[in-house]
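Engineer: Input: one structure, supplied below.
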Amino acid sequence: MKKGGSKRSERSLLNDEIRAANVRLIGADGEQVGIVSRDDALDAARRASLDLVLIAPEADPPVVKVMDYGKHLFELKKTKAAQRKKQKQIQIKEMKFRPGTEEGDYQVKLRNLKRFLEDGDKAKVSLRFRGREVVHPEIGLNLMNRIAGDLEEVGQVEAEPKFEGRQMIMVLAPSKKAKKAQKAPKEAQSADSE
């Protein structure tokens, strides 16, 4: 069994590969010529030193266009790359705490969590219990509530704190206000650079 799709299905039919007797022809300048025979359309493409490309095979008659197929493929590739570049992958960043995390460490970790949320990523807060610390889940719950409270202006709790084995986990997502505030400085920067 072959892996991957056939390249033929992704590619448009060109020149002599087009089998329809009559086609609706669109010229190289985008002007609609009308319904002509396939041979007349091929002649028009050859006179212009371009390709005849099948655009809409389902139409009746099929629609073909006179164009430079290589250039057309290049433009399609460029637009797909630009669309991929615009998409932002949301990542889940994890920050680990302990029930006895000191205040200085807490502030550093909180600053990092705030940065993750401001960048538009989700944050997973893990609180690991060792030994007999598991007997006091209220300490962990208080710490989780404190983290959620300290980050409420940039993030909101997506998954409430819950136990998974010997650790308590909470997931934070960027808040809507933080996303809007994040877009405003970027738009101002792009306006300044122009």
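Engineer: For the range 31-123, which helices (runs of 4 or more DSSP H) that fit wholly inside it have 1 or more residues that are more than 36 Å from the chain's Cα centre (by Cα)?
Structural biologist: Filter on the range 31-123 gives 38-47, 103-118.
Engineer: Six or more apart or on different chains, Cβ under 7 Å: which pairs go from a residue in the range 153-180 that's closer than 22 Å to GLU118 by Cβ and in a strand (DSSP E or B) to one that's modelled with pLDDT of 90 or more and of a type in the set (Ser, Thr, Tyr)? Could you list them?
Structural biologist: Listed pairs, sorted by first residue: ILE169/SER126.
Engineer: A further question follows. Just name the residue that is farthest from LYS122 (Cα to Cα) out of those in the range 58-92 that are in contact (Cβ under 8 Å) with a residue 40 or more places away in the chain and surrounded by 15 or more Cβ atoms within 10 Å (Cβ to Cβ).
Structural biologist: It comes out as PRO61.
Engineer: Can you find a residue that is more than 25 Å from SER37 (Cα to Cα) and of a type in the set (Ser, Thr, Tyr) anywhere in the range 76-89?
Structural biologist: yes
The values are calculated or read from the model by the stated rules, or taken from the named source; none is laboratory data. Bear in mind that the values here come from a model prediction, so they are computed numbers and not experimental data. Ideal geometry is used to build each Cβ from the backbone, glycine not excepted, and the neighbour counts take in all protein chains shown.
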